[in-house]
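The values are calculated or read from the model by the stated rules, or taken from the named source; none is laboratory data. Computed from a prediction, not measured in an experiment: that's the story for all the values here. Note that each Cβ is placed from the backbone with ideal geometry, even for glycine, and that neighbours are counted across all protein chains shown. These accessible areas exclude ligands, DNA and RNA; they are computed on the full protein's heavy atoms, side chains included. Shrake-Rupley method; radii C 1.70, N 1.55, O 1.52, S 1.80 Å.
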Amino acid sequence: MEKFYVATLNAVNLLGSARVRRLIEIFGSAENIWRAEDSAIKNTNIPTDAVDSFLNFRHEHPDAVEQLIEFCTDKKIKLCSFYDEDYPPLLKEIPNPPVVFYYRGKIEARAERIAMVGTRHNTTYGEKVAQDIASELAEAGLTVVSGAARGIDTCAHKGALKCGRTVAVLGYGISRIPRHETKNLLEEIVERGGLVMTEFSPGTNAAEFTFPIRNRVVAGLSRAVIVIEAGYKSGALITSGLAADFSRDVFAVPGSIYHEKSRGCHELIRDGAMLIKGAKDVLDFYNMPSKKKPVAQIELTGDEQRILDLIPPGDFISEDEILMSIDDISPEEISAIILQLELKNCIIEYTGRYTKA
């Protein structure tokens, strides 16, 4: 019951997690705060505007706690407060951790978690990299954390679900899922033993200010943050910056020097983030064994292997460069061979250029 009082207080405009925790220190419990005399609330060091906001809220919504209990029961939503045993210890370490969060699924408070973030407008290259890394990390026993947004977030969740567990941290209320495809993804996360969580009250809509708040939880839950495809002003860089502030490790995946979506990652690497080429680099850093299953050998024709060998490891090549390097195969045949290499998952197209998968 106490956690519902905590959540109700946290929903009051101008209070917030830090002030709710301070009031609980003063009154002993959230329920005591809710039932306290107006004069007792005013006789605290909480700013006057926050106190007035609470008193007005309590006057206008005397049944707020009961309504929240009814809502959560009806929607099968659970609450976890800062004072519960299953509150993630790592999240408690950050400045101003959420005093409460709403969730569906399974918490696993002491799981080893790695966050993965990036652009909402990913390339094919970014999609494959995110899914491959997330899948291998999950297979190794790590929980992949991301923000359930379009792009790299969704790729990370989907990759993790192939082999293990993932956590989605929402930037809005748990009853305000913005898109049908996101709802389907979140349902799958819950069904597969993962966790969907948010500190925002159920009716909170997504807004520009909610996502940086969400990002601090993504970073706070995780031992490290991996950035994949991020522009210079990407929100993913906010998450990586918070991770660094929280003394968490930051990894970045490089991309093409010609693409804007790689600029943020390259800036991070220049400034000290660890460059990684795949999940193995992360697992090696933490001395964790990879459990990636051996990939069946792909049979290639002589011409397919010849074109594949033209692509240096970690680099890109255009179809025109392939044509200039091979003069005994027609352009039409080369286009067909490139298509076959893509279908066999040997290469990935990235802004008109190709790299090895």
| request: Between ASP327 and GLU267, with labels modelled 7 Å along Cα→Cβ, what's the label distance in nm to one decimal, could you check? | output: 4.5 nm
| note | With x for Gly and Pro, the residue-by-residue ³J(HN,Hα) of the range 173-181, computed from phi through the Karplus equation 6.51 cos²θ - 1.76 cosθ + 1.60 at θ = phi - 60° and given in whole Hz, is x, 5, 9, 10, 5, x, 9, 4, 5
| said: I want to check the label-to-label distance for ASP245 and LYS277. Put each point 7 Å from Cα in the C-beta direction and report it in nm to one decimal. | reply: 3.5 nm
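Just check the range 203-267 against the gyration tensor rule for me: Cα atoms, a ≥ b ≥ c as the square roots of the eigenvalues, rounded for a/c under 1.5, and otherwise prolate or oblate depending on whether a/b exceeds b/c.
Numbers: a/c = 2.85, a/b = 1.37, b/c = 2.08.
It comes out oblate by the Cα gyration axes.
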| query | Which entries of LYS3/LYS78; LYS3/LYS92; LYS183/LYS261; LYS75/LYS183; LYS76/LYS106 show an alpha-carbon separation above 18 angstrom in the structure shown? | reply | LYS183/LYS261
| Just one of (i) 43, 25, 19; (ii) 38, 21, 17; (iii) 48, 18, 17 is semi-axes √(5λ) of the Cα gyration tensor in Å calculated from these coordinates, so which is it? | (iii)
| remark: A chain fully extended from LEU14 to ARG150 at 0.36 nm per residue, minus the present Cα-Cα distance, gains in nm 45.9 nm
| Computed FRET efficiency, Cβ-Cβ of PHE285 and LYS233, R0 35 Å: what is it to the nearest 0.05? | 0.80
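Taking a ≥ b ≥ c as the square roots of the eigenvalues of the Cα gyration tensor of the range 213-357, is the shape rounded (a/c under 1.5), prolate (a/b larger than b/c) or oblate? Kindly include the intermediate steps, with their values, before the conclusion.
Working: a/c = 3.19, a/b = 1.93, b/c = 1.65.
In terms of gyration-tensor shape, prolate.
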| HN-Hα J couplings of the range 252-264 from phi, Karplus 6.51/-1.76/1.60, θ = phi - 60°, integer Hz, Gly and Pro as x? | 9, 9, x, x, 5, 5, 8, 10, 4, 5, 8, 4, x
| request: List the residues whose amide H sits under 5 Å from the amide H of ALA252, counting only those 5 or more places along or on another chain, with H placed 1.01 Å from N in the peptide plane. | output: VAL227, MET274, LEU275, ILE276
| query | For the range 211-219, in order, what is each residue's ³J(HN,Hα) by Karplus, 6.51 cos²θ - 1.76 cosθ + 1.60 with θ = phi - 60°, in whole Hz (x at glycine and Pro)? | reply | 6, x, 5, 4, 4, 5, 6, 4, 5
| message | How would the range 1-50 be classified by its alpha-carbon gyration tensor: rounded, prolate or oblate, with rounded meaning a/c under 1.5 and the a/b versus b/c comparison settling the rest? | response | oblate
| field | Segments 275-287, 117-129, 239-251, 154-166 sorted - mean Cβ within 10 Å per residue, highest first | value | 154-166, 117-129, 239-251, 275-287
| task | Leaving out ligands and nucleic acids, note down the accessible area per residue over the range 14-152 with a 1.4 angstrom probe, in whole Å². | result | 47 Å²
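Considering only DSSP beta bridges where both residues belong to the chain, give the percentage that are antiparallel (nearest 5). Let's see the in-between values first.
Working: 14 of 35 bridges.
Just about 40 percent of them are antiparallel.
Using a 10 Å cut-off on Cβ atoms, rank the peptides 141-151, 94-104, 17-27 from the highest mean neighbour count down.
Result, highest mean Cβ count within 10 Å first: 141-151, 94-104, 17-27.
Which value, in debye to the nearest 20, gives the size of the charge dipole of the range 91-227 about its Cα centre, when Lys and Arg are +1 and Asp and Glu are -1 at the Cβ?
On the way: 18 positive and 14 negative charges, 39 e Å.
The calculation lands at about 180 debye.
Nearest 5 percent is fine: what portion of the DSSP beta bridges confined to the range 236-357 is antiparallel? Mind dumping the intermediate values first?
Working: 6 of 8 bridges.
About 75 percent, rounded to the nearest 5.
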| message | Quick check: residue separation of ASN43 and ASP63 times 0.36 nm, minus the Cα distance between them. What number comes out in nm? | response | 4.8 nm
| request: Would you work out what percent of the accessible area of the chain, with all protein chains in place, is carbon or sulfur (probe 1.4 Å)? | output: 49 percent
| note | Sorted on mean Cβ neighbours within 10 Å (highest first), peptides 38-44, 324-330 come out as 38-44, 324-330
| field | Two-site label geometry, ASP309 and GLU188: point separation in nm, points 7 Å out along Cα→Cβ | value | 3.9 nm
| note | Sorted by chain and then number, the residues having a modelled amide H within less than 5 Å of the amide H of ALA148, at least 5 places away or on another chain, are VAL169
